[in-house]
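The values are calculated or read from the model by the stated rules, or taken from the named source; none is laboratory data. The shown structure was predicted, so the numbers you read here are calculated from the model rather than taken from an experiment. Here the Cβ positions follow ideal geometry from the backbone for every residue, glycine too, while neighbour counts run over all protein chains shown.
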Amino acid sequence: MRRRSLLLAVPAGLLTLAGCGDDKADKAESSPSPTASAEPTAKIVSGPVPEVTAGTGFGEKPTVAKGSGDPSKDLAVKVLIEGKGAEVAKGDYLQAHYLGQIWNTAKVFDNSFDRGAPSVFPIGVGQVIPGWDQALVGKKVGSRVELAIPPAMGYGSEGNEQAGIKGTDTLVFVVDLVDSFGPQSSAKGGVVAQDDIDLPKVGTNTDGKAPSIDVPKKDAPTELVATYVIEGDGAEVKATDSLLVQYKGVLWDGGKEFDSTYSRGQLASFSLQQVVKGWSQGLTGKKVGSRVLVVVPPALGYGDNPPSGSDIKKDSTLVFSVDILAKM
């Protein structure tokens, strides 16, 4: 299950997107619930927004002046740096650095720059505050955007006491759009030779289509296998990380597909502490941007307790192709 994020209010970040599934078997289906229809729609204007006085480059922690005079009652959006990347689409997972502060005090209540890593979250589907959903969809990756968000497009009349935000506060954000991931996203990196004839062969296409998985007519390995198909150059995955992925799973016996983000047209996000042990152990230490072949023996998968209604039977060996798109 997923809950709507409180977006950007505490030092740990309000973008704490709940992983799905249980500790037995999280196949990581990410199902953001579109709630935008129930949210207010604002007129978008170009200002006013406070001046960025230092850290003006993309990726630099900005210093933002206190708001001057009264803020607009509309949603103010100003592109400070125009990116050259793809446009962010509704329903994408947006990867962004940001700093948020209060208009009339310049009090910073949250920023990702100090945490040393951008945040990743669904955009345009009611998972974050309305001001973000409405301002950032359609902007280009590589852009820096400044927002002045009136209360109705932020936390409403109740504000957010934990963050020190009152119901009358206009919120100011500087947001760097680092990347955006959608149903066509794939691994990025160098192709690695697949020389072991006893292991499945995974396709190396990066066009957003599901890769092929050819399972050999041999006995399944009894130990966990986790090898690169495409090796990315991103950060190494830690056992405590949450990930955004594309994946496809087939049975060793017969090669039948039993689960796939490609067929659903929807990426998956999950904590490595909430998935089968074969995934948590196999993906730990791998690099973001990679495609990984993971062969999960029954003891590290579902064993004698397969998911109800699934094609997975007792003591099945599972074969996955996993594209590690980003850390959450």
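Observations on the model:
- Exactly one residue out of Phe121, Phe109 is surrounded by 23 or more Cβ atoms within 10 Å (Cβ to Cβ) and touching a residue at least 12 places away in the same chain (Cβ under 8 Å), and it is Phe121.
- Looking across segment 77-104, the residues that are under 18 Å from Ala326 (Cβ atoms) and touching a helix residue (DSSP H, G or I) at 6+ places or on another chain (Cβ under 9 Å) come down to Val88, Leu94, Ala96, His97, Tyr98.
- Within segment 131-186, considering residues that are aromatic (Phe, Trp, Tyr) and not in a strand (DSSP E or B), the one nearest to the chain's Cα centre (by Cα): Trp132
- Some residue of segment 240-255 being of a type in the set (Lys, Arg) and surrounded by fewer than 20 Cβ atoms within 10 Å (Cβ to Cβ): no
- Complete set of residues in segment 209-223 that are closer than 18 Å to Asp323 by Cβ and in contact (Cβ under 8 Å) with a residue 40 or more places away in the chain: Lys209, Ala210, Pro211, Ile213, Asp214
- Annotation note: of Ser143, Ser186, the sole residue that is touching a strand residue (DSSP E or B) at 6+ places or on another chain (Cβ under 7 Å), under 30 Å from Ser321 (Cβ atoms) and modelled with pLDDT of 95 or more is Ser186.
- The set of residues in segment 195-211 being within 22 Å of Gly182 (Cβ to Cβ) and of a type outside the set (Lys, Arg) consists of Val202, Gly203, Thr204, Asn205, Thr206, Asp207, Gly208, Ala210, Pro211.
- Those strands (runs of 3 or more DSSP E) lying entirely in segment 193-286 with at least 1 residues touching a strand residue (DSSP E or B) at 6+ places or on another chain (Cβ under 6 Å) and within 16 Å of Pro297 (Cα to Cα): 225-231, 242-251, 257-260
- If you go through segment 92-117 and keep only what is modelled with pLDDT of 95 or more and not in a strand (DSSP E or B), you end up with Asp92, Trp103, Asn104, Thr105, Ala106, Lys107, Ser112, Phe113, Asp114.
- Looking only at segment 74-96, and only at residues there that are farther than 15 Å from Gln134 by Cα and not hydrophobic (A, V, I, L, M, F, W, C), the one that is surrounded by the most Cβ atoms within 10 Å (Cβ to Cβ): Gln95
- Residues that are among the hydrophobic types (A, V, I, L, M, F, W, C) and touching a helix residue (DSSP H, G or I) at 6+ places or on another chain (Cβ under 6 Å), drawn from segment 128-163: Leu147, Ile149, Met153
- Residue within segment 157-171 that is farther than 30 Å from Asp110 by Cα, surrounded by 17 or more Cβ atoms within 10 Å (Cβ to Cβ), touching a Phe, Trp or Tyr at 6+ places or on another chain (Cβ under 8 Å) and β-branched (Val, Ile, Thr) present: no
- Of all residues assigned to segment 36-53, at least one qualifies as being surrounded by fewer than 17 Cβ atoms within 10 Å (Cβ to Cβ), out of contact with any His (no Cβ under 6 Å at 6 or more places or on another chain), within 30 Å of Ser242 (Cα to Cα) and without any contact (Cβ under 8 Å) to a residue 40 or more places away in the chain.
- When Asp219, Asp311, Asp323, Asp304 are checked against the criterion of being crowded, with 20+ Cβ neighbours inside 10 Å and among the acidic types (Asp, Glu), a single residue qualifies: Asp323.
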